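Okay, so here's the structure we're looking at.
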Amino acid sequence: MDLKVTNNRHIIIGGEAKKFQVAFVKNRKRISIVVTDRGEIQVRCPLGTPMRQVDALLTRETDWLDGHLNQRIKNKRLAFQEGAALPFLGDCLTLRLAPWGKGSVFRCGDDLWVTRVDPDDVDTNLDIRRPLERWYLRHAQAYFPSRLTFWARIMGVSFNNLNVRNQRTRWGSCSSRGNINLNWRLMWATPRVVDYVLVHELTHRRHMNHSPAFWQAVQSMIPDYQECRNLLKSLGSPW
Ligand SMILES: [Zn+2]
């Protein structure tokens, strides 16, 4: 994709100067505005679009942008506000924010503390989400290997490498060489559902497909695997 990006533009929204990025994309037919996950405004337009046309469009859409950005901030705040519920291996933890400390995350009973956060001025991405994700990842890296080894032994199969990953779309995978990838987000599920995913991937050591024989083998280990699959499908993202 041919791309030329301009970063130094801004627009006044709600009385505040807000930066935006313009990407000139070859073969693009029309202009569009995107607000990214991080609340950045991006304009994508055909190569050679005059800047005044971009400015005019943004000025026309100021109200829409204002509403969109505010909504985004509100949603994020809600997800990470003091007292928010965080699922963790079948437990329901409560998010606690503290202005003191060194920016660490620690569990105390069923409270999950994120420190060095000013609850009135939260940049959710930097201050809460990132340390929280690191915490979940660390616990996934500690939890998955022993469970996987446990199931491998019971099932009489081997695996090569286990990688715990940060993925948006997949819970796990198993390559023909026996390398298993697991998503740390599985820690949002219950231990039973995690076990189902581990057994699923290990079963691929015998069946590299989803044939009836594959599901039969899964069922012999996890009789209620169908329910686990449904739970996994309905597992919402807490943030
Ligand atoms: Zn599979």
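Pick from 47, 198, 58: which residue has the top mean-square fluctuation in a GNM of the chain where Cα pairs under 10 Å get a spring?
So, out of 47, 198, 58, the one fluctuating most is 47.
Loop only per DSSP, at most 15 neighbouring Cβ atoms within 10 Å: give me the trypsin sites (Lys or Arg not before Pro) in the stretch 100-198, ordered by residue number.
On the way: sites: 102, 107, 116, 129, 134, 138, 147, 153, 165, 168, 170, 177, 185, 192; in loops: 102, 116, 168, 170, 177.
Passing sites in the stretch 100-198 are 102, 116, 168, 170, 177.
Once you treat every alpha carbon in the stretch 3-78 as an equal point and sum by Debye, what is log10 I(q)/I(0) at q = 0.16, 0.17, 0.26 Å⁻¹?
Debye curve over Cα of the stretch 3-78, log10 I(q)/I(0) at q = 0.16, 0.17, 0.26 Å⁻¹: -0.57, -0.63, -1.29.
Assuming 0.36 nm per residue, please report the length gained on full extension of the stretch residue 207 to residue 133 beyond their Cα-Cα distance.
Details: separation 74, 0.36 × 74 = 26.64 nm, distance 3.27 nm.
Once the chain is fully extended between residue 207 and residue 133, it gains 23.4 nm.
If the only charges are +1 at each Lys and Arg Cβ and -1 at each Asp and Glu Cβ, what is the size of the charge dipole of the stretch 79-122 around the Cα centre, to the nearest 20 debye?
I would put it at about 200 debye.
Can you give the Kirkwood hydrodynamic radius of the stretch 159-205 from its Cα pairs, in Å with one decimal?
Values: mean 1/r = 0.0939 Å⁻¹.
Answer for the stretch 159-205: a Kirkwood hydrodynamic radius of 10.6 Å.
Of the beta bridges DSSP finds with both residues in the chain, what % are antiparallel, to the nearest 5?
Expressed as a percentage, antiparallel bridges in the chain total about 65.
Which residue, 195, 63, 110, has the most motion in a Gaussian network model of the chain that connects Cα atoms within less than 10 Å?
Top of the fluctuation ranking is 63.
Taking all pairs of distinct Cα atoms, average 1/r, flip it, and tell me the Kirkwood hydrodynamic radius of the chain in Å to one decimal place. Kindly include the intermediate steps, with their values, before the conclusion.
Numbers: mean 1/r = 0.0472 Å⁻¹.
Across the chain, the inverse of the average 1/r is 21.2 Å.
Pick out which of 114, 157, 218 has the largest mean-square fluctuation in a Gaussian network model of the chain, springs linking Cα atoms closer than 10 Å.
Judging by the Gaussian network model, the answer is 157.
All other residues with a Cβ under 9 Å from the Cβ of residue 20 taken together, and with Lys, Arg as +1 and Asp, Glu as -1, what is their net charge?
+2
Using only Cα atoms, what is the ratio of the radius of gyration of the stretch 79-122 to 2.2 N^0.38 Å?
Working: Rg = 10.2 Å, N = 44, 2.2 N^0.38 = 9.3 Å.
Compared with the compact-globule rule of thumb, the stretch 79-122 sits at 1.10.
Taking the Cα centroid of the stretch 82-101 and of the stretch 18-35, what is the distance between the two, rounded to the nearest whole Å?
38
Note the count of lysine pairs whose C-alpha atoms are less than 22 angstrom apart in the chain, limited to pairs 8 or more residues apart or on different chains.
Counting lysine pairs in the chain gives 8.
Where q = 0.10, 0.19, 0.20, 0.23 Å⁻¹, what log10 of I(q)/I(0) comes from the Debye formula for the stretch 115-237, counting one point per Cα?
Per q value, in the given order, log10 I(q)/I(0) is -0.35, -1.02, -1.12, -1.42.
Bear in mind these aren't lab numbers, they're just calculated from the coordinates by the rules spelled out. As the structure is a prediction and not an experimental result, all values here were calculated from the model. Note: ideal-geometry Cβ built from the backbone for every residue, glycine included; neighbour counts use all protein chains shown.
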